[in-house]
Amino acid sequence: MAFTPRVFSGIKPSGDLHLGNYLGAIRRFVPLQETHETIYCMVDMHAITVWQDHVDLKRWTYEIAAAYIAAGLDPKKSIIFNQSQVVEHAELSWIFNCVARMGWMERMTQFKDKSGENSENVSLGLFAYPSLMAADILLYKSTAVPVGEDQCQHLELTRDIAKKFNHDFKKQIKANGHKGNFFPVTETLAIGPAMRVKSLKDGSKKMSKSDASDLSTIYMMDDADLIAKKIKRATTDADALPSEAAGLDGRAEAENLVGIFAALSNRSVNDVLGEFGSQGWGAFKSALADLAVSVLTPIADEMKRLVADRGEIDVILRDGAARARAIAQPIMDDVRNIVGFVR
Ligand code: TRP
């Protein structure tokens with residue numbers, strides 16, 4: 001059988017999508033359609049590791065599906081679906097709960113950050129979160145995963161789970177007719193520039209839906225006036241723009257805005273600074289506002305159209321889930337056999 005490079009990634013429906021999700025994830029998913037078999041999902045089962053209102057959860061799930069499509073994912077090329085539609089994710093994650101070790105899970109920094117002082121009172125699901133993520137990826141024997149920096153440790157764990165499964169069940173894997181490893185060692189796809197979009201109000205913090213300031217985050221569904229207002233009010237320093245990237249060192253807010261400009265215009269930071277270097281912030285911010293509006297509003301308009309009538313998305317997700325199952329089910333049949341489940 002020919003080797004298929006297969007990409008899997010997912011976004012958690014737990015808040016409104018923002019520019020960081022677009023530049024850091026969604027936009028990068030699109031070109032991979034040309035080089036890989038691509039599977040993209042909304043990870044609703046991950047979302048409920050912390051409390052979610054059911055109306056919001058559905059709304060955010062549709063919003064991500066709409067953003068995928070509006071940003072250029074073609075549902076004929078990519079498999080687009082909702083995690084809970086393919087129950088095998090849950091089944092494989094249970095098996096992985098029995099492969100992963102407590103010590104590995106306890107080292108996950110995201111769990112430590114999210115549970116904080118409150119670790120006795122968070123859900124068991126939040127602790128097991130990375131094991132479900134490994135199941136998402138390995139259920140399709142995915143070979144590559146594009147994710148942000150904050151997920152690299154989870155991908156490391158995914159590789160550890162794959163290796164331990166391959167090792168622990170070596171004999172049965174062979175007896176089932178597989179040569180070599182059963183699960184691949186999945187690679188992390190390199191993090192491109194402008195991956196780390198920061199808050200417009202504080203360049204040391206990630207742009208996020210949980211920011212206290214309304215003006216710190218550009219949402220994908222913001223209208224043109226709001227985008228322009230947020231950019232014009234973004235925090236900057238008192239100096240003019242530098243003429244080269246090196247001049248951005250130690251200037252987090254400046255670096256963020258120039259990085260956003262470069263990413264939205266597909267230009268390098270040096271190229272952008274070649275144009276705006278030594279100017280004040282006024283002209284730059286108005287050019288950035290125009291650019292952001294021209295890139296984001298057509299996507300927002302298409303998203304609004306899609307979420308207004310959920311029927312079109314429902315059809316796409318049902319089809320995606322069926323295609324996802326067609327890949328997952330034979331793999332799960334093998335896994336059950338390898339583990340020793342009687343069917
Ligand atoms: N944990 C990821 C995040 O918070 C979302 C996710 C779940 C994911 N399953 C995945 C990403 C599988 C990539 C592959 O961003």
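Tell me, please, whether a residue that is within 21 Å of the chain's Cα centre (by Cα) and not polar (S, T, N, Q) can be found in segment 241-254. Looking through segment 241-254, none of the residues is within 21 Å of the chain's Cα centre (by Cα) and not polar (S, T, N, Q). Of the helices (runs of 4 or more DSSP H) lying entirely inside segment 147-248, the ones with 1 or more residues being within 16 Å of the ligand (Cβ to nearest atom) are found at 152-168.
A Cβ distance below 7 Å, combined with a sequence gap of six or more or placement on separate chains, defines the contacts here; from segment 121-144, residues that are in contact (Cβ under 8 Å) with a residue 24 or more places away in the chain and among the hydrophobic types (A, V, I, L, M, F, W, C) reach residues that are in a loop (DSSP other than H, G, I, E, B) and away from the ligand (no atom under 11 Å from the Cβ) in the pairs L126/V50; L138/F183; A144/P5; A144/H36.
Within segment 1-54, the set of residues being more than 26 Å from D211 (Cβ to Cβ) and away from the ligand (no atom under 14 Å from the Cβ) comprises M1, A2, F3, T4, P5, V30, P31, Q33, E34, T35, E37.
Count of segment 79-128 residues, restricted to those that are away from the ligand (no atom under 12 Å from the Cβ), among the hydroxyl-bearing types (S, T, Y) and in a helix (DSSP H, G or I), is 4. Would you confirm whether or not segment 205-220 contains a residue that is surrounded by 15 or more Cβ atoms within 10 Å (Cβ to Cβ), free of Cβ contacts under 8 Å to residues at least 60 places away in the same chain, closer than 17 Å to K285 by Cβ and not assigned by TED's automatic domain parsing to the domain that holds V293? Among the residues of segment 205-220, at least one is surrounded by 15 or more Cβ atoms within 10 Å (Cβ to Cβ), free of Cβ contacts under 8 Å to residues at least 60 places away in the same chain, closer than 17 Å to K285 by Cβ and not assigned by TED's automatic domain parsing to the domain that holds V293, which makes the answer yes. Residues that are in contact with a helix residue (DSSP H, G or I) (Cβ under 9 Å, 6 or more places away or on another chain) and in a helix (DSSP H, G or I) within segment 323-343 comprise A324, R325, A328, Q329, I331, M332, D334, V335, R336, N337, I338, V339, listed in sequence order. Residue pairs whose Cβ atoms lie under 6 Å apart, sitting 6 or more positions apart in sequence or on different chains, and linking a residue in segment 39-64 that is on the phi < 0 side of the Ramachandran plot and crowded, with 18+ Cβ neighbours inside 10 Å to a partner that is modelled with pLDDT of 95 or more and among the acidic types (D, E), are T61/D44. Restricting attention to segment 154-177, the residues being of a type outside the set (D, E, K, R) and exposed (fewer than 15 other Cβ atoms within 10 Å of the Cβ) number 4.
The values are calculated or read from the model by the stated rules, or taken from the named source; none is laboratory data. No experiment lies behind these values; they were computed from the predicted model shown. Neighbour counts run over all protein chains shown; Cβ positions are idealised from the backbone, glycine included.
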